[in-house]
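Visitor: The structure under discussion is supplied below as structure tokens; questions concerning it will follow.
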Amino acid sequence: VSRALICDEHYIDKIQEGHGEDITPCLLCNGCHSSFCAVNPYAGYHHMLDRMFHPTGIKKKVAVLGGGPAGLRAALFADEQGHDVTLYEAGDQLGGQLKFADHVSFKWNLKDYKDWMIRQIQKSGVKVLCNTPATPERIAEGNYDVILAAMGSVAQRIPVPGADRPEVWLAEEVFGR
């Protein structure tokens with residue numbers, strides 16, 4: 001139970017309120033044994049939060065570029081802080097590289113975490129724009145106070161002979177197809 005409480009210190013409250021779907025899922029990464037949590041950025045830092053974040057009470061207009069794990073968490077945090085948040089995702093769905101966990105049964109914990117983040121985004125005040133690349137013109141039109149870039153990673157082929165052959169595929173070319 002301690003892992004669950006490290007991932008989400010409001011675990012018991014959410015169960016009592018009938019909101020079990022809102023409990024932050026554990027990735028079973030064992031980071032909690034080293035004083036950090038991969039899914040709860042506050043874990044172990046509660047004594048420092050007042051020094052790290054100084055809410056001004058001024059609502060800002062925030063653009064988050066990218067709908068992968070980092071972009072989703074950044075958007076949720078900005079929304080929790082009371083800002084007006086718009087998330088831009090160039091693709092047709094949220095989740096970034098975690099989308100591939102949908103197709104591999106042993107990655108169930110990553111799928112659960114991805115699905116949880118997407119549910120939280122849907123329940124939040126974050127405006128999500130899928131199939132909407134964050135072009136300089138579009139961002140300029142938005143007149144944002146803050147821009148958070150979380151545009152993720154792109155798979156690369158290793159520089160060895162034969163890696164560019166047609167029968168050699170990247171994971172993103174296989175999963176889900």
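The values are calculated or read from the model by the stated rules, or taken from the named source; none is laboratory data. What you are looking at is a predicted structure, and each value in this text was computed from that prediction instead of being measured. Using ideal geometry, Cβ is built from the backbone for each residue, glycine included, and neighbour counts are taken over all protein chains shown. These accessible areas exclude ligands, DNA and RNA; they are computed on the full protein's heavy atoms, side chains included. Shrake-Rupley method; radii C 1.70, N 1.55, O 1.52, S 1.80 Å.
Visitor: So is residue 131 touching a residue at least 12 places away in the same chain (Cβ under 8 Å), touching a Cys at 6+ places or on another chain (Cβ under 9 Å), surrounded by fewer than 18 Cβ atoms within 10 Å (Cβ to Cβ) and over 17 Å from residue 61 (Cα atoms) or not? Outline the logic, then answer.
Guide: Working: touching a residue at least 12 places away in the same chain (Cβ under 8 Å): yes; touching a Cys at 6+ places or on another chain (Cβ under 9 Å): no; surrounded by fewer than 18 Cβ atoms within 10 Å (Cβ to Cβ): yes; over 17 Å from residue 61 (Cα atoms): yes.
In short, no.
Visitor: If you don't mind, another one. Quick check on my filter: what residues within the stretch 161-177 are open to solvent by 70 Å² or more (accessible area, probe 1.4 Å), free of Cβ contacts under 8 Å to residues at least 12 places away in the same chain and part of a loop (DSSP other than H, G, I, E, B)? Explain how you work it out, then say what you get.
Guide: Going residue by residue through the stretch 161-177, those that are open to solvent by 70 Å² or more (accessible area, probe 1.4 Å) are 161, 164-167, 169, 173, 175, 177.
Imposing the further condition that a residue be free of Cβ contacts under 8 Å to residues at least 12 places away in the same chain reduces the set to 161, 164-167, 169, 173, 177.
Answer for the stretch 161-177, where residues must be open to solvent by 70 Å² or more (accessible area, probe 1.4 Å), free of Cβ contacts under 8 Å to residues at least 12 places away in the same chain and part of a loop (DSSP other than H, G, I, E, B): 161, 164, 165, 166, 167, 169, 177.
Visitor: Of everything in the stretch 37-61 that's closer than 18 Å to residue 121 by Cβ and touching a residue at least 60 places away in the same chain (Cβ under 8 Å), which residue is surrounded by the most Cβ atoms within 10 Å (Cβ to Cβ)?
Guide: Taking the stretch 37-61 and keeping what is closer than 18 Å to residue 121 by Cβ, we get 39-41, 61.
Narrowing further to those that are touching a residue at least 60 places away in the same chain (Cβ under 8 Å): 39, 61.
Numbers: 39: 20, 61: 14.
Taking the candidates together, the pick is 39.
Visitor: A follow-up question, please. Hey, residue 89 hits all of (1) touching a helix residue (DSSP H, G or I) at 6+ places or on another chain (Cβ under 7 Å); (2) at pLDDT 95 or above but one; which does it fall short on?
Guide: (1)
Visitor: On the basis of being surrounded by 19 or more Cβ atoms within 10 Å (Cβ to Cβ) and within 20 Å of residue 7 (Cβ to Cβ), does residue 74 make the cut? Outline the logic, then answer.
Guide: Details: surrounded by 19 or more Cβ atoms within 10 Å (Cβ to Cβ): yes; within 20 Å of residue 7 (Cβ to Cβ): yes.
Answer is yes for this residue.
Visitor: Do we find a residue being surrounded by fewer than 15 Cβ atoms within 10 Å (Cβ to Cβ) and either within 25 Å of residue 129 (Cα to Cα) or over 13 Å from the mean Cα position of the chain (by Cα) (or both) anywhere in the stretch 62-71? Step through it out loud before you land on a result.
Guide: Here is the first cut: in the stretch 62-71, the ones surrounded by fewer than 15 Cβ atoms within 10 Å (Cβ to Cβ) are none.
No - not one qualifying residue is present in the stretch 62-71.
Visitor: Would you confirm whether any residue within the stretch 136-147 is at pLDDT 95 or above and under 15 Å from the mean Cα position of the chain (by Cα)?
Guide: no
Visitor: Okay, next question. Could you run through the stretch 24-36 and say how many residues are open to solvent by less than 40 Å² (accessible area, probe 1.4 Å) and aromatic (Phe, Trp, Tyr)?
Guide: 0
Visitor: Open to solvent by less than 80 Å² (accessible area, probe 1.4 Å), under 20 Å from residue 93 (Cα atoms) and either of a type outside the set (D, E, K, R) or in contact with a strand residue (DSSP E or B) (Cβ under 7 Å, 6 or more places away or on another chain) (or both): does that describe residue 149? So that I can check it myself, show each step before the final result.
Guide: Working: open to solvent by less than 80 Å² (accessible area, probe 1.4 Å): yes; under 20 Å from residue 93 (Cα atoms): yes; either of a type outside the set (D, E, K, R) or in contact with a strand residue (DSSP E or B) (Cβ under 7 Å, 6 or more places away or on another chain) (or both): yes.
Yes; evaluated as a whole, the condition is true for this residue.
Visitor: When the stretch 55-110 is examined, which residues are found to be within 18 Å of residue 147 (Cβ to Cβ) and aromatic (Phe, Trp, Tyr)?
Guide: The answer is 77, 88.
Visitor: While we're looking at this one, here's another question. Using the structure shown, decide if residue 117 is open to solvent by 80 Å² or more (accessible area, probe 1.4 Å) and in contact with a Leu (Cβ under 6 Å, 6 or more places away or on another chain). Show your work before the answer.
Guide: Working: open to solvent by 80 Å² or more (accessible area, probe 1.4 Å): no; in contact with a Leu (Cβ under 6 Å, 6 or more places away or on another chain): yes.
So residue 117 fails the test.
Visitor: Additional query: Please find, among 43, 90, the residue that is within 30 Å of residue 137 (Cα to Cα) and in a loop (DSSP other than H, G, I, E, B). Working first, answer last.
Guide: Working: 43 fails: within 30 Å of residue 137 (Cα to Cα).
After ruling out the rest, the residue left standing is 90.
Visitor: Quick one: is residue 89 touching a Cys at 6+ places or on another chain (Cβ under 6 Å) and open to solvent by less than 70 Å² (accessible area, probe 1.4 Å)?
Guide: Values: touching a Cys at 6+ places or on another chain (Cβ under 6 Å): yes; open to solvent by less than 70 Å² (accessible area, probe 1.4 Å): yes.
Yes, satisfied.
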